[in-house]
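Student: Can you read through this structure? Questions will come right after.
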Amino acid sequence: MTLHDIPTPPSGLALILRAAQAPDADLVELAQLVAREPGLTVHVLRVANSAAYRRPSGGEVTSVAQATVMLGLRTLRNVAVAHAVTSLFRREVLDGFDMNLFWEDSLRRGCAAKILAQHSKLANPDEAFTVGLIQEVGVLMLARAGMGRSVQALRTQTSAERLREENRLASLTHVDAFLQMASSWGLPQDLVTAVSLHHEEDVDHRCSGSARGLAKVAMFADLLADVAQTMGGVDSLTRIAPVLARNVPHVRLSDLIDELSAEMERQSRDLEIRIHAQPRFETLMVSASDALQQLSQSYEALTRRLEDLIAEKDSLSAELAAKNKELARLVRTDPLTGLLNRRAFSTSTSGETDGRPNQGLGSMLIVDIDHFKVVNDRYGHQTGDDVLVEVARILQEANRGRGDIVRLGGEEFALYLPGIDNTEATSIAERIRRALERTEMRARSGHAFRVTTSIGGTTLRGAVSWEELFQLADAALYRAKQEGRNRTVWDTRLS
């Protein structure tokens, strides 16, 4: 994203910046340039008469020429930059963007930079203040580009979180936006470098000279401002603690926070920036404690939710396993009788009769209900279904768990009896036939009737395929029907 609405810097500032950065800069010329800008003149005189620059004699500085000499070239340049930025944008109204809060946040970074520069001796405190004051101007540039509501919503997040979200929303961070504005305005390179690196912790390897100290102080200031801006957020406290321990080990965070509040109150009066009452360290710690408690509660709730989800997953897994098992059963089962279906039966028995030498003995019975079509025609298909269910029950009683029973389809059933020879298998077949012959069936209409069955069987000894075994038993069934039905016929060719 490229910013297309970067405002033009005030003409006076442009002249002052050029003059201040010239190798042969002249303080008299600079004083004349400042005097042409009424707003900047007031600002320069206010700074010159502040506690930081007031002369021992106590006399008030009343002329720009005096102020220019007192402040010096670099300080005058920094004051001009700060004045230009604040005066140009302060009166803007942007949709969804709180301009007063923005300047309060900017002032917080400026004051934090000044305090940390004083403690660390890494940079000139006044230059550090200028860097801190302008290091968030890129946020303002994003707001002017139509992202006011978005960047406003990010205000109470840590800087690292804001950068990630800005990049996600616009493929541009507030640092990138500042650099575009700085290039357009021709801002001093040392200030630009410091601002561009204020989110980087490896500043030592990124720049040198005065810019290095300014950049490090700007980074410290950003972390300190985050503590206040996030109201003692856990992440902000975690990030700043080791940085302070390495760079200003003699200063406590509580003292820095309270110094920051006092400095902001002073600077807000000098710069006429309206701010809210600033939080003291104790207030931030109470907020941090509350946040930790909420985090702990959230963690406990999350843990409970996770445990619930795991239990739910286990329950769903068990339910799924049960449903898969039931589905597998349904795929293998005849829905009317509950017996195996033909496909499942062939799969089951083929493992018993696949020709391996140790599969040497087994018998196959095929049972067919005689004249079953007459039952359906005379008593109806519901009664026919009742007969099939009763036949399945009798087959199960006779089988006694010896082998597999299947409904082949229609009125045909089959039993495979592993390890059963022809004598015992014939006895089982006859027991089935006689039991069915004696069983009184009853139609849905109440009419009683009986059915008979024809049974064909065979016994294997040695290796034989399931298909061959079935064909021999089926051939025996065919002979039973040909010989008058209601009988058992046994094929002894494999015996």
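Student: Please verify whether Lys121 is of a type outside the set (Phe, Trp, Tyr) and crowded, with 21+ Cβ neighbours inside 10 Å, treating the condition exactly as stated.
Tutor: So Lys121 does not fit the description; no.
Student: Of all residues in the stretch 27-48, which are surrounded by fewer than 18 Cβ atoms within 10 Å (Cβ to Cβ) and part of a loop (DSSP other than H, G, I, E, B)?
Tutor: Hit for the stretch 27-48 is Arg36, nothing else.
Yes/no matrix, rows are residues, columns are (1) in contact (Cβ under 8 Å) with a residue 40 or more places away in the chain; (2) farther than 22 Å from Ala277 by Cβ; (3) surrounded by fewer than 19 Cβ atoms within 10 Å (Cβ to Cβ):
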residue	(1), (2), (3)
Val85	yes, yes, no
Gly110	yes, no, no
Asn167	no, yes, yes
His174	no, yes, no
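Student: Which one is nearest to Val489 (Cα to Cα) among residues in the stretch 408-449 that are in contact with a helix residue (DSSP H, G or I) (Cβ under 7 Å, 6 or more places away or on another chain) and basic (Lys, Arg)?
Tutor: My answer is Arg431.
Student: With Leu116, Leu122, Leu142 as the choices, which residue is over 18 Å from Ile275 (Cα atoms), assigned by TED's automatic domain parsing to the domain that holds Ala170 and not in a helix (DSSP H, G or I)?
Tutor: Leu122
Student: Pull out all pairs, ordered by first then second residue, where Cβ-Cβ is under 7 Å, the residues are six or more apart or on different chains, the first lies in the stretch 258-279 and is over 30 Å from Thr41 (Cβ atoms) and in the same structural domain as Val42 (by TED's automatic domain parsing), and the second is assigned to a helix (DSSP H, G or I) and aromatic (Phe, Trp, Tyr).
Tutor: What qualifies is Asp258/Phe281.
Student: Also: Is it the case that some residue within the stretch 442-450 is exposed (fewer than 14 other Cβ atoms within 10 Å of the Cβ), closer than 16 Å to Met364 by Cα and out of contact with any Lys or Arg (no Cβ under 6 Å at 6 or more places or on another chain)?
Tutor: Scanning the stretch 442-450 turns up no residue that is exposed (fewer than 14 other Cβ atoms within 10 Å of the Cβ), closer than 16 Å to Met364 by Cα and out of contact with any Lys or Arg (no Cβ under 6 Å at 6 or more places or on another chain).
Student: Tell me, yes or no, whether the stretch 52-60 has at least one residue that is touching a residue at least 24 places away in the same chain (Cβ under 8 Å) and not charged (D, E, K, R). Let's see the steps before the verdict.
Tutor: Let us first name the residues in the stretch 52-60 that are touching a residue at least 24 places away in the same chain (Cβ under 8 Å), namely 52.
From what is left, the residues that are not charged (D, E, K, R) are 52.
Yes, the stretch 52-60 contains at least one residue that is touching a residue at least 24 places away in the same chain (Cβ under 8 Å) and not charged (D, E, K, R).
Student: Would a scan of the stretch 154-165 turn up a residue that is in a helix (DSSP H, G or I), surrounded by 18 or more Cβ atoms within 10 Å (Cβ to Cβ) and among the hydrophobic types (A, V, I, L, M, F, W, C)?
Tutor: Narrowing the stretch 154-165 to residues in a helix (DSSP H, G or I): 159-165.
Those left that are additionally surrounded by 18 or more Cβ atoms within 10 Å (Cβ to Cβ): 159, 162.
So of that shortlist, the ones also among the hydrophobic types (A, V, I, L, M, F, W, C) come out as none.
Looking through the stretch 154-165, none of the residues is in a helix (DSSP H, G or I), surrounded by 18 or more Cβ atoms within 10 Å (Cβ to Cβ) and among the hydrophobic types (A, V, I, L, M, F, W, C).
Student: In this structure, does Glu92 turn out to be in a helix (DSSP H, G or I) and either surrounded by fewer than 22 Cβ atoms within 10 Å (Cβ to Cβ) or modelled with pLDDT under 90 (or both)?
Tutor: In short, no.
Student: Among the residues of the stretch 263-284, write down those that are in a helix (DSSP H, G or I) and in contact with a helix residue (DSSP H, G or I) (Cβ under 7 Å, 6 or more places away or on another chain).
Tutor: Matches in the stretch 263-284: Glu263, Met264, Gln267, Ser268, Asp270, Leu271, Phe281, Leu284.
Student: Can Gln359 be described as assigned to a helix (DSSP H, G or I) and either at pLDDT below 60 or in contact with a Cys (Cβ under 9 Å, 6 or more places away or on another chain) (or both)?
Tutor: No; evaluated as a whole, the condition is false for this residue.
Student: Which condition from (1) small (Gly, Ala, Ser); (2) touching a Cys at 6+ places or on another chain (Cβ under 9 Å); (3) more than 28 Å from Glu265 (Cα to Cα) is the one that Gly132 breaks?
Tutor: Going through (1) small (Gly, Ala, Ser); (2) touching a Cys at 6+ places or on another chain (Cβ under 9 Å); (3) more than 28 Å from Glu265 (Cα to Cα) one by one, Gly132 breaks only (3).
Student: Identify, from the list Arg246, Arg206, the residue that is under 38 Å from the mean Cα position of the chain (by Cα), among the basic types (Lys, Arg), over 27 Å from Met141 (Cβ atoms) and in the same structural domain as Val137 (by TED's automatic domain parsing).
Tutor: Working: Arg206 fails: over 27 Å from Met141 (Cβ atoms).
Unique residue meeting the criteria: Arg246.
Student: If we keep just the residues of the stretch 363-401 that are on the phi > 0 side of the Ramachandran plot and more than 60 Å from the chain's Cα centre (by Cα), which is surrounded by the fewest Cβ atoms within 10 Å (Cβ to Cβ)?
Tutor: The initial filter retains those residues of the stretch 363-401 that are on the phi > 0 side of the Ramachandran plot, namely 371, 380, 400-401.
Next, from what is left, pick out any that are more than 60 Å from the chain's Cα centre (by Cα): 371, 380.
Working: His371: 12, Gly380: 14.
Per the stated criteria, the residue is His371.
Student: Can you tell me which residues in the stretch 166-194 are of a type outside the set (Gly, Ala, Ser), part of a helix (DSSP H, G or I) and within 20 Å of Arg18 (Cα to Cα)? Even if it seems obvious, please write down each step before you answer.
Tutor: The first filter runs over the stretch 166-194 and keeps only residues of a type outside the set (Gly, Ala, Ser), leaving 166-169, 172-176, 178-181, 185, 187-193.
Those left that are additionally part of a helix (DSSP H, G or I): 166-169, 174-176, 178-181, 185, 189-193.
Answer for the stretch 166-194, where residues must be of a type outside the set (Gly, Ala, Ser), part of a helix (DSSP H, G or I) and within 20 Å of Arg18 (Cα to Cα): Phe178, Leu179, Gln180, Met181, Trp185, Gln189, Asp190, Leu191, Val192, Thr193.
Student: In the stretch 4-26, which residues are part of a loop (DSSP other than H, G, I, E, B), surrounded by 14 or more Cβ atoms within 10 Å (Cβ to Cβ) and either of a type in the set (Val, Ile, Thr) or at pLDDT below 75 (or both)?
Tutor: Within the stretch 4-26, Ile6, Pro9, Pro10 qualify.
Student: Here is a further query. Quickly run through the stretch 197-251 and pick out the residues that are surrounded by fewer than 18 Cβ atoms within 10 Å (Cβ to Cβ), not β-branched (Val, Ile, Thr) and not in a helix (DSSP H, G or I).
Tutor: Of everything in the stretch 197-251, those that are surrounded by fewer than 18 Cβ atoms within 10 Å (Cβ to Cβ), not β-branched (Val, Ile, Thr) and not in a helix (DSSP H, G or I) turn out to be Glu200, Glu201, Asp202, Arg206, Ser208, Met231, Pro249, His250.
The values are calculated or read from the model by the stated rules, or taken from the named source; none is laboratory data. The shown structure was predicted, so the numbers you read here are calculated from the model rather than taken from an experiment. All Cβ positions, glycine included, derive from the backbone under ideal geometry; neighbour counts span all protein chains shown.
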